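See below for the structure under consideration.
The values are calculated or read from the model by the stated rules, or taken from the named source; none is laboratory data. Source: prediction; values computed, not measured. Because the Cβ atoms are built from the backbone with ideal geometry, glycine has one as well, and the counts that use them run over all protein chains shown. The protein model used for the area step is the full one, side chains on, heavy atoms only, and it has no ligands, DNA or RNA in it. Shrake-Rupley method; radii C 1.70, N 1.55, O 1.52, S 1.80 Å.
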Amino acid sequence: MFRKVHLYLTALCAGITTAILIVMSLLYLYLSEKALYENQFRSFQNDINTIATSLEQQSVISIEWLSKMEARGGYTFYALDNGIPFLYNRLANFSESSELRGLLDSCLEMYRNQYGYASTEIDAAGDNPYNTCIHAEFPFNPTGKKHEYHVSIIELNRGNSSLQLLVLAPLDFLQEQIARQRVRFLLIDIAALLLLTLFSFFFTGKLLQPVIESRKKQTEFVAAASHELRTPLAVILSAAECCRDADAEKQSRFLDTIKQEGDILTSLVNDMLTLSASDTQRFSCRPAPVELDTLLINTYEAFEPLAAEKKLSLSITLPEESLPPCTADADRIVQLLSILLHNALSYTPEGGRIDLALSHKKNRFYLTVSDSGVGIPPEYRKKIFERFYRAEKARSAKGHFGLGLSIAAEIVKLHHGSIHVTERPGGGSVFTITLP
């Protein structure tokens, strides 16, 4: 299931980022190509201004000058003197039937239609006392495609003479430049798509890892809980079955067994409900100023009879100076200490020692519960706070289910503190809780 989700998330992440990249690339290409054409058209207009100014200053238009202007800008010139083609046109292999001549005639026709004051003939009145030079530039696309040519018509009138100069600028080189730019962007987008897919695969894999781990722990939790519930339930059902044919004395023993196993089930269910409340953010905590030394003394007095019953030595160490109050939930701290002390009482053999201590340094409180019991091997210390985890293999031993330390860790986390375990010199374990 997670494999399919991983692939779907990879495709979704890569698809969205690639779509955004393509849209941005197309937008950039559009703006870039538009700017290139505009810059080229402005450059063409500047050249025409230069050519028109030069024409006004010359009394004779030479073939050499026309050739020079053509070569400098890569243009094609077609000149008419009073409607008669220049000799230069014939020298440049322009003929009445040539394809280029037809193209030039189409430019002239378009110019006449758009601007209206162009003519290839001398004014019918035959009298124009003024010298005028006008020119107009426009795009020309004979095949219907965009941006094929830039065209300019220059009309120079001197007295009764009229000169028309048509300048045709093909945009093949600009189209080739744009084509190369598009190919480059296409290759970049393909490479980006591959990189984004690879990145999305690893990124979504990292995102799913906590979900996979949570699902794995949930499955392990259900399996472990089922295992823990099965044994007391089996004992209860077996004892209930035996009560039918047993005498009064045996029935009493069976009922005691049922109650004992029921108490175990109640404890287990309560622990599971506590952890469930923690998972759903319903783990209540009511912080208030608390005197931790008083709290430890009360806890010590509550567990001292149990320690004496198990023939264990229970001691408490408190600082001599007065301590500031700690902002915490008193009931939760008592629950935390009870879990640690209960574990210490369970895993410390007769004649052992259990120490409960409190200290305060640099605005932090340190609570320690140490014992001289069996200890915890180093390889298990990081795992003991996991649910249903116990270093020993026999889960039913000592009536422990492996949930107490998980609850303790949740209580410490709720108080923004920390908990860790170390080895006690001479054997045993030391649990240290740090509270802000």
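Residue pairs whose Cβ atoms lie under 8 Å apart, sitting 6 or more positions apart in sequence or on different chains, and linking a residue in segment 143-164 that is within 21 Å of GLY74 (Cβ to Cβ) and β-branched (Val, Ile, Thr) to a partner that is open to solvent by 70 Å² or more (accessible area, probe 1.4 Å) and not in a strand (DSSP E or B), are ILE153/TYR115. Take the residues in segment 293-320 that are outside any helix (DSSP H, G or I) and open to solvent by 40 Å² or more (accessible area, probe 1.4 Å), then tell me which one is nearest to LEU336 (Cα to Cα). Looking at residues that are outside any helix (DSSP H, G or I) and open to solvent by 40 Å² or more (accessible area, probe 1.4 Å), I get ILE316. Only a single item in (1) under 17 Å from CYS133 (Cβ atoms); (2) not in a loop (DSSP other than H, G, I, E, B) is not met by ILE61, and it is number (2). Scanning segment 288-313 for residues that are in contact with a Lys or Arg (Cβ under 8 Å, 6 or more places away or on another chain) and of a type outside the set (Ser, Thr, Tyr) gives a single hit, LEU312. Might you let me know whether segment 21-31 holds any residue that is in a helix (DSSP H, G or I), among the small types (Gly, Ala, Ser) and out of contact with any helix residue (DSSP H, G or I) (no Cβ under 6 Å at 6 or more places or on another chain)? No, segment 21-31 has no match at all.
Being among the small types (Gly, Ala, Ser) and either open to solvent by 20 Å² or more (accessible area, probe 1.4 Å) or in a loop (DSSP other than H, G, I, E, B) (or both) holds for only one residue in ALA169, ALA179, and it is ALA179.
For residues in segment 13-29 being touching a residue at least 12 places away in the same chain (Cβ under 8 Å) and more than 22 Å from GLU148 (Cα to Cα), which is farthest from the chain's Cα centre (by Cα)? For segment 13-29, the residue satisfying everything is SER25. List the pairs whose first member sits in segment 226-253 and is in contact (Cβ under 8 Å) with a residue 60 or more places away in the chain, whose second member is part of a helix (DSSP H, G or I) and surrounded by 15 or more Cβ atoms within 10 Å (Cβ to Cβ), and whose Cβ atoms are under 7 Å apart, counting only residues at least 6 apart or on separate chains? Hits for this filter: GLU228/LEU268.
Take segment 385-419 and flag every residue that is under 30 Å from SER284 (Cβ atoms), at pLDDT below 80 and not in a helix (DSSP H, G or I). Of everything in segment 385-419, those that are under 30 Å from SER284 (Cβ atoms), at pLDDT below 80 and not in a helix (DSSP H, G or I) turn out to be PHE385, GLU386, ARG387, PHE388, TYR389, ARG390, ARG395, HIS400, PHE401, GLY402, LEU403. Checking each residue in segment 69-81 for being within 20 Å of PHE173 (Cα to Cα) and out of contact with any Pro (no Cβ under 8 Å at 6 or more places or on another chain) picks out MET69, GLU70, ALA71, ARG72, GLY73, TYR75, PHE77. Within segment 314-348, if we keep just the residues that are touching a residue at least 24 places away in the same chain (Cβ under 8 Å) and polar (S, T, N, Q), the residue that is farthest from GLY373 (Cα to Cα) turns out to be THR327.
Looking only at segment 349-367, count every residue that is surrounded by fewer than 18 Cβ atoms within 10 Å (Cβ to Cβ) and in contact (Cβ under 8 Å) with a residue 40 or more places away in the chain and tell me the total. Residues meeting the conditions: 8.
Conditions tested, residue by residue: (1) surrounded by 14 or more Cβ atoms within 10 Å (Cβ to Cβ); (2) at pLDDT 90 or above.
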site	(1), (2)
SER161	no, no
LEU187	no, yes
LEU198	no, yes
GLY205	yes, no
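Summed over segment 133-177, residues that are of a type in the set (Lys, Arg) and closer than 22 Å to LYS34 by Cβ total 2.
Checking the condition without any contact (Cβ under 8 Å) to a residue 24 or more places away in the chain, open to solvent by less than 40 Å² (accessible area, probe 1.4 Å) and among the polar types (S, T, N, Q), which residue from SER43, SER54, SER59, SER32 passes? Of the residues listed, the single one that is without any contact (Cβ under 8 Å) to a residue 24 or more places away in the chain, open to solvent by less than 40 Å² (accessible area, probe 1.4 Å) and among the polar types (S, T, N, Q) is SER54. The conditions of being at pLDDT 75 or above, part of a loop (DSSP other than H, G, I, E, B), among the β-branched types (Val, Ile, Thr) and open to solvent by 30 Å² or more (accessible area, probe 1.4 Å) are met by THR143. If the condition is being open to solvent by less than 70 Å² (accessible area, probe 1.4 Å) and free of Cβ contacts under 8 Å to residues at least 24 places away in the same chain, then segment 62-84 contributes SER62, TRP65, LEU66, SER67, MET69, GLU70.
For segment 212-223, a tally of residues being open to solvent by less than 70 Å² (accessible area, probe 1.4 Å) and touching a residue at least 40 places away in the same chain (Cβ under 8 Å) returns 2. Residues being assigned to a helix (DSSP H, G or I) and out of contact with any Ser or Thr (no Cβ under 7 Å at 6 or more places or on another chain) are entirely absent from segment 156-165. Candidates in segment 371-380 are the residues that are within 15 Å of ASN343 (Cβ to Cβ) and under 45 Å from the mean Cα position of the chain (by Cα); of these, the one that is modelled with the lowest pLDDT is TYR380. Among the residues of this structure, SER267 does not count as one that is at pLDDT 85 or above, among the hydroxyl-bearing types (Ser, Thr, Tyr) and surrounded by fewer than 18 Cβ atoms within 10 Å (Cβ to Cβ).
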